[in-house]
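Following: one structure in structure tokens, then a few remarks.
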Amino acid sequence: MKESLKLKISLWVVLFINFLFLTKYAYRFTDLYLILAIGITLVQYVAIKKSSFLFSVFQKINISPFFFISSFLLVLVLIAFKIPLDSLNIDRWSVTDSFWKNYFNNLYAYEAKSFAGNYPGPMPFYFLLMLPFYWINEYSYVTAIGAILLFYIFKMQKSNSLDLFKYSLVVASSFIITYEIIARSNIFFNGVLIVLSLLLLFQKKWHLKNLIFKGTLVGLSLSTRNVFVIPIALGFMYLFFVEKQKIYKLFIIGIVAVLTFITTFIPFIYNHFDKFLNINPFIIQSSFLMPKALSFFCIIFSMGFIFCVKNKFDVYFYSGISLFLTIISYYIFVFTKRDFVSTFFESYADITYFILCVPFFIYYLISIGANSNKLSN
């Protein structure tokens with residue numbers, strides 16, 4: 001697949017997901033929801049395509065890309081402060097809240113239920129990442145931190161000011177970012193961490209100390225959400241098949257990753273092993289999202305994209321494609337049990353899972369602009 005087509009697909013998918021969110025939530029306020037969603041998405045598309053012109057305007061009034069994105073995120077966080085957690089119908093913050101309340105009361109954490117009756121599906125390290133926000137009882141910072149972290153990833157990769165502005169514009173024009181901050185969700189943040197993990201995994205450092213570090217990082221990454229096994233697996237396959245890394249090095253990373261992954265469970269299943277066998281994140285995910293067979297099929301299907309990967313940037317693009325298709329499969333599975341209105345508008349399928357792929361497409365979209373000369377390396 002040509003680079004130009006992959007860039008277009010990356011942008012189209014981000015726009016499409018933004019359109020889905022706009023459609024769903026505008027539906028609750030106006031009968032013109034479809035026209036409104038199309039109009040805002042078109043404005044976002046034009047703004048991104050004309051980012052060079054807008055960048056020149058911002059330069060003239062001395063607004064830097066960092067000031068632009070940080071000001072936008074700060075405004076959203078301040079708005080979120082005005083919206084009490086208890087007023088939200090989205091229970092992602094409540095899942096974290098109930099998890100830690102159970103844990104600190106010496107109860108089995110994975111038996112906790114949110115206010116909506118949902119069990120905690122993510123892996124242990126996910127909740128450890130959310131612990132500081134539980135302590136301060138505010139989760140609006142999470143997505144803002146993720147967006148700033150991705151900004152600095154681009155900056156560390158020597159992206160120019162135009163690319164940094166383009167990224168800031170994508171973030172500021174995406175309703176999904178507004179949604180994540182206001183709703184105290186954290187899926188974008190989780191995806192950014194996996195993007196960072198892959199970057200560190202691909203570093204040209206292969207001494208034993210680096211292998212242990214990479215393995216630990218992979219293990220912690222896998223201990224966030226089950227679905228992230230897809231980009232991590234593609235990353236490993238890229239190192240083996242494309243970069244021709246020695247198998248023993250990847251084996252060491254894999255062993256350390258598995259041991260790290262298992263270790264993250266210990267604090268939460270200690271004294272609760274019998275309960276762990278009955279209810280755990282693997283069972284919760286297969287019971288409430290997709291059946292194991294469908295999940296396994298999505299993973300195996302995604303591994304086929306390794307034949308399309310020619311460079312490290314392709315790992316991010318095809319990870320995004322794989323995650324997007326996996327969530328499409330999840331939606332189709334729910335749709336077979338419900339009608340479209342129930343599945344989409346009444347939230348029997350969770351639209352927020354589409355955000356899982358967004359950081360990977362954004363990373364590809366911006367990085368290719370800054371690194372196209374490196375594709376042959």
Could you grab the relative contact order for segment 228-377? Cα pairs under 8 Å, six or more apart, rounded to a whole percent. 29
From the square roots a ≥ b ≥ c of the eigenvalues of the alpha-carbon gyration tensor of segment 153-227, which class results: rounded (a/c under 1.5), prolate (a/b over b/c), or oblate? oblate
log10 of Debye I(q)/I(0), alpha-carbon scatterers only, for segment 306-375 at 0.28 Å⁻¹: -1.14
For segment 266-375: accessible area per residue (Å², 1.4 Å): 46
Taking a ≥ b ≥ c as the square roots of the Cα gyration tensor eigenvalues, with a/c under 1.5 meaning rounded and otherwise prolate when a/b beats b/c or oblate if not, segment 209-312 comes out oblate
I want to check the label-to-label distance for D339 and K158. Put each point 7 Å from Cα in the C-beta direction and report it in nm to one decimal. 5.8
Might you tell me the accessible area per residue for segment 109-220, computed with a 1.4 Å probe and given in Å²? 36
If I model a spin label at E3 and F115 as a point 7 Å from the Cα along the Cα→Cβ vector, what separation in nanometres do I get? 4.9
For the pairs K2/K312; K24/K101; K50/K158; K24/K155; K158/K246; K214/K244, flag any whose C-alpha to C-alpha distance is greater than 25 Å. K24/K101; K24/K155; K158/K246
Tell me what the chain gives for mean residue ellipticity at 222 nm when only DSSP H runs of n ≥ 4 count, each as -39,500 (n - 2.57), the sum divided by the residue total, rounded to 500 deg cm²/dmol. -21500 deg cm²/dmol
Which of the helices in the chain meet the span-like rule: DSSP H, Cα axial reach of 27 Å or more, Kyte-Doolittle mean at least -1.0? 3-26, 312-335
So for each of 237-244, 181-188, 349-356 I average, over its residues, the number of other beta carbons within 10 Å; can you give me the resulting order with the highest mean first? 181-188, 349-356, 237-244
Can you pull the three principal axis extents for the Cα set of the chain, in Å, largest first? 63, 55, 41
Could you compute the FRET efficiency for L78 and M303, with r as their C-beta to C-beta distance and R0 at 35 Å, rounded to 0.05? 0.20
Cα shape, segment 24-64, gyration tensor, a/c 1.5 rule: prolate
What is the distance, in nm, between label points placed 7 Å from the Cα along the Cα-to-Cβ direction at F282 and at I145? 2.9
Of 23-35, 193-205, ordering from highest average Cβ density within 10 Å down gives 193-205, 23-35
Measuring from centroid to centroid over Cα atoms, what is the spacing of segment 302-326 and segment 1-62 in Å? 23
Give, in nm to one decimal, the length gained when the segment between V229 and K101 is fully stretched (0.36 nm per residue of separation minus the Cα-Cα distance). 43.3 nm
Highest mean first, how do 266-278, 44-56, 113-125, 90-102 rank when packing is the count of other Cβ atoms within 10 Å averaged over residues? 90-102, 113-125, 44-56, 266-278
Please work out the FRET efficiency for the pair S56 and W206, using the Cβ-Cβ distance as r and a Förster radius of 41 Å; give the result to the nearest 0.05. 0.40
Where only protein heavy atoms count, and the probe is 1.4 Å, what is the accessible area per residue for segment 1-105 in Å²? 59
Please state, rounded to one decimal and in Å, the Kirkwood hydrodynamic radius that segment 1-149 gives when every pair of distinct Cα atoms enters the mean of 1/r. 18.7
Tell me, how many Å apart are the Cα centres for segment 154-169 and for segment 126-147? 25
Fraction of accessible area attributable to carbon and sulfur, segment 154-275 (%, probe 1.4 Å): 71
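The values are calculated or read from the model by the stated rules, or taken from the named source; none is laboratory data. Just so you know, these numbers come straight off a predicted model, no measurement behind them. Cβ atoms come from the backbone with ideal geometry, glycine included; neighbour counts cover every protein chain shown. Calculation scope for accessible area: heavy atoms of the full protein, side chains included, ligands and nucleic acids excluded. Shrake-Rupley method; radii C 1.70, N 1.55, O 1.52, S 1.80 Å.
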